[in-house]
């Protein structure tokens, strides 16, 4: 593929159908959350009030050093997904 140094990596990755490193990391975090889904609770499991965040996963309470791990950060990434995808997760 002919490309120059000034070409955007994003457009090149799209042309050859591969994910960027950041996208691969986010994808692997989401797969991790799905794989260990029984360890997480949703907000609707914690309280019975029907809110717009009821489909979000309840973030684990932890020490600050733990918040950089995949277990905690996966919840943050998952909670940014659209509700239609979160509902599919709950049906698994």
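Out of 31, 92, 81, one residue alone is loosely packed, with under 12 Cβ neighbours inside 10 Å and modelled with pLDDT of 80 or more. It is 31.
Look through 24, 67 and report the one residue that is surrounded by 10 or more Cβ atoms within 10 Å (Cβ to Cβ), on the phi < 0 side of the Ramachandran plot and modelled with pLDDT under 80. Unique residue meeting the criteria: 67. Residue 11 falls short of the stated requirement of being under 17 Å from residue 83 (Cα atoms) and over 13 Å from the mean Cα position of the chain (by Cα).
The values are calculated or read from the model by the stated rules, or taken from the named source; none is laboratory data. Quantities reported herein were computed from a predicted structural model and do not represent experimental measurements. Reconstructed Cβ throughout: ideal geometry from the backbone, glycine too, with neighbour counts over all protein chains shown.
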